[in-house]
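Have a look at the structure below before the remarks.
The values are calculated or read from the model by the stated rules, or taken from the named source; none is laboratory data. Fair warning: this is a prediction, and the values are worked out from it, not measured in the lab.
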Amino acid sequence: MNPFYKNLALWMVIGLIVILLFNLFQANQSPRGEIVFSDFLKKVDTGDVREVTLRGNAVTGRLSDGSAFRTFTADYPDLVKALKDRGRDVWYLLAENEGHGFKRKENQDFATATTVLFFRQKLLGETHAQGPSSSDSPAGSP
């Protein structure tokens, strides 16, 4: 066999081993800030969760120490109730005349107005900011 091909095969095997070792050690680490849903529920019960954003099954937010977290919900219909019972602000929109997302123009407009209100209150600190009420929503109450 040609020495060039022997060296090439050796370097390919070494490269493959390096890639496999890298993947092996990376697989054991959870992504930064990601927590298991059951740990999230425990943190909600102990009051360690400061703010939460729900987008479908994705849950993001901040803990009381200021660190960010993310998790994914299981089928847990009482999550909003559990957060409200702990005195947390919960912002969510439901379009009863649609599935996931907002395709209809009136629902998109309501979602945009609510998002603007959220940013005005949370980022600018405008407690007196007026936004759309649930009676304005063609999709039902937020």
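For the range 13-21, indicate whether the set of residues that are small (Gly, Ala, Ser), part of a helix (DSSP H, G or I) and at negative phi is non-empty.
Going through the range 13-21, the residues small (Gly, Ala, Ser) turn out to be 15.
With part of a helix (DSSP H, G or I) added as a condition, the list becomes 15.
Remaining after also requiring at negative phi: 15.
Yes, the conditions are met somewhere in the range 13-21.
Being among the hydroxyl-bearing types (Ser, Thr, Tyr) and at pLDDT below 85 is true for just one of Ser38, Ser30. Which residue is that? Break it down into steps so the answer makes sense when it comes.
On the way: Ser38 fails: at pLDDT below 85.
Being among the hydroxyl-bearing types (Ser, Thr, Tyr) and at pLDDT below 85 holds for just one of Ser38, Ser30, which is Ser30.
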